[in-house]
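Student: Structure below; questions to follow.
Each reported figure results from applying straightforward, stated rules to the coordinates on display, with no laboratory input. In this text, all values refer to a predicted model and were calculated from it rather than measured experimentally. When we count neighbours, we look across all protein chains shown, and the Cβ atoms used for this are built from the backbone with ideal geometry, even at glycine.
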Amino acid sequence: MRENVMEELRQMLPEDETKQKMIDILKRFHSEEEMDSVDEDDSMLSEETIQKFLSGNQVSLDDLSPEEMKQFQRAVASGELGKMIEPWNPWWLKPSARTISLSHKGTQLVSPFLDGQEMAQLSEIPPGPASPPQPVSKLISTEPSPLLSFHLIDIVYSYCFTLRLYNGDWQSDALGAAIVALSMSSVLGEGPQPETVAEALVGCLERTCSPTYKHAGGLRFGLGLIDDTVSLFSLGGAALVCLLCDLQRLLQSGERELKSDKQRKVKKGERSKLRLADRKVYFMMCWAYEQPADVWSSLSAIVGIEKASFATLELGGKPVKMEGEGECKGKGLIEEV
């Protein structure tokens, strides 16, 4: 696996098809950014009005005058209301994430000798498997694909996207979060399977900048999510196992919610897609558990290099500067609700 990862690093070329796709994304992003610019004076809603809405049920939309309603709609469209929301601090960026460990069987490590502060830190991290991961050799009869590391990049990115989009609270709408995760991941959904690191990342950025999710933050949001992906791979196998367990719980909760919602019109194959994604995530968790530690450090470095190459691509011979680069990490990326 290490050889596969290093070979991918050697094969990265600045002028391949995936780089051209990235250039197209950048062109589209900058043109749409100019078209969507709004007069700042017209998009502002008074601080007092915003606080009334966020403080509880004191005010409803019916209480607004026509002019206030226009201001409110402009504030939503411009992302002004998003600034009033306390940003969620992802668990993978917390100090406790650097000390994640599993038992020798690969299950969640729980010690009766932890003090209160250590237990609080432990609760910040999604729990690992309740039972030991099965050997991959028992799950499939052939050798695992050498492309699984690239597939995992796609899955990790989709997980980060979903949690960032829901500000860390996917339990509030498990089914909606599960659908978002499937639509963002080419591996868990029905899209083409990436065969390189660049293909995995470009595919993720294309979906992030699509009309469906453009409101989340567009290209800047996507570049911040690549930083999240780099951070998670740098934490090592135990953190990735915990992540995949959390994603599996998300998908299972979504399926239960779908089954219990009698009012919802279930699209054909919706439940089967969730079950299939659940099995894929479990397989990836078992596979990740068996990988040596140096695989993740190498993969983290490669993803970081690819992200840096996206930021230095040229448009018309002029280097493109990504506004906000390096500022996304550790800060709220949600711009509107």
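Student: Can you give me the distance in nm between label points at ASP173 and ARG275, each placed 7 Å from the Cα along the Cα-to-Cβ direction?
Tutor: A separation of 2.6 nm, rounded to one decimal place.
Student: Label point 7 Å out from LYS259 along Cα-to-Cβ: which residues of region 171-190 have amide N under 16 Å?
Tutor: Correct set: 174-175.
Student: Using a 10 Å cut-off on Cβ atoms, rank the peptides 276-286, 220-230, 152-162 from the highest mean neighbour count down.
Tutor: Per-residue mean Cβ counts within 10 Å order the peptides as 152-162, 220-230, 276-286.
Student: Can you run phi through the Karplus equation (6.51, -1.76, 1.60; θ = phi - 60°) for region 250-258 and list ³J(HN,Hα) in whole Hz, with x for Gly and Pro?
Tutor: Each residue's phi maps through the Karplus curve to give 4, 5, 5, 5, x, 5, 5, 5, 5 Hz.
Student: Apply the Karplus curve 6.51 cos²θ - 1.76 cosθ + 1.60, θ = phi - 60°, to the phi angles in region 187-203 and return the couplings in whole Hz, x for Gly and Pro.
Tutor: 6, 7, x, 10, x, x, 8, x, 10, 9, 4, 4, 4, 4, 6, 5, x
Student: I need the peptides 241-248, 289-296, 176-183, 98-105 ranked by packing, meaning the mean over residues of other C-beta atoms within 10 angstrom, with the highest value on top.
Tutor: 241-248, 176-183, 289-296, 98-105
Student: Using the structure shown, select from LYS94/LYS280; LYS94/LYS259; LYS70/LYS214; LYS105/LYS273 the pairs with a Cα to Cα distance greater than 26 angstrom.
Tutor: Result: LYS94/LYS280; LYS94/LYS259; LYS105/LYS273 exceed 26 Å.
Student: Taking R0 as 25 Å, what FRET efficiency do you get between ALA308 and GLU195 from their Cβ-Cβ distance, rounded to the nearest 0.05?
Tutor: The pair ALA308/GLU195 has a calculated efficiency of 0.75.
Student: Turning to a different aspect of this structure: Find the relative contact order for region 186-258 and round it to a whole percent, using C-alpha pairs within less than 8 Å whose residues are 6+ positions apart.
Tutor: Averaging sequence separation for qualifying contacts and normalising by length gives 15 percent for region 186-258.
Student: Kindly write out, for region 216-225 in residue order, the coupling ³J(HN,Hα) from the Karplus curve 6.51 cos²θ - 1.76 cosθ + 1.60 (θ = phi - 60°), rounded to whole Hz, with x marking Gly and Pro.
Tutor: Running phi through 6.51 cos²θ - 1.76 cosθ + 1.60 with θ = phi - 60° gives 6, x, x, 5, 4, 4, x, 5, x, 5 Hz.
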